[in-house]
Amino acid sequence: MKRFPSIRKNQDFQKVYRAGRSMANRQLVMYVKKTDSPDTRIGISVSKKVGNSVVRHRLTRLVRESFRLNKNILETGLDIVVVARAAAKESDYKTVERAFLHLCGLHNILRESK
């Protein structure tokens, strides 16, 4: 089984925060940075201000699943960091996916339909 392409090191998160572009909507904040790597990685951050560990982990799973199911329509060679806001605490999967794709559209990282 192939590993999920995620950003794990604090140093990598900091590079995306410093050099990447950020856009936000009500539920999420997204930072995007172009890399030389051929694949796209995602990092997910959910603060303790959002809720307890159950709520934070649920939001992490929702964002990760949104990325996994829509990875084929995203450009490659990117590092993406998604920060969940407190407003996303009560959201269901469809709302989180819609917010994720909205931010991808704002960043112009969606592939053109062919």
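Taking the criterion of being at pLDDT 95 or above, among the basic types (Lys, Arg) and not in a loop (DSSP other than H, G, I, E, B), would at least one residue in region 3-15 satisfy it?
For region 3-15, residues at pLDDT 95 or above, among the basic types (Lys, Arg) and not in a loop (DSSP other than H, G, I, E, B): present.
Pick from region 20-52 the residues that are touching a residue at least 40 places away in the same chain (Cβ under 8 Å) and more than 16 Å from the chain's Cα centre (by Cα): which of them is surrounded by the most Cβ atoms within 10 Å (Cβ to Cβ)?
Out of the qualifying residues, it is Ser37.
The values are calculated or read from the model by the stated rules, or taken from the named source; none is laboratory data. For clarity, every value in this text was computed on a predicted model and none was experimentally measured. Using ideal geometry, Cβ is built from the backbone for each residue, glycine included, and neighbour counts are taken over all protein chains shown.
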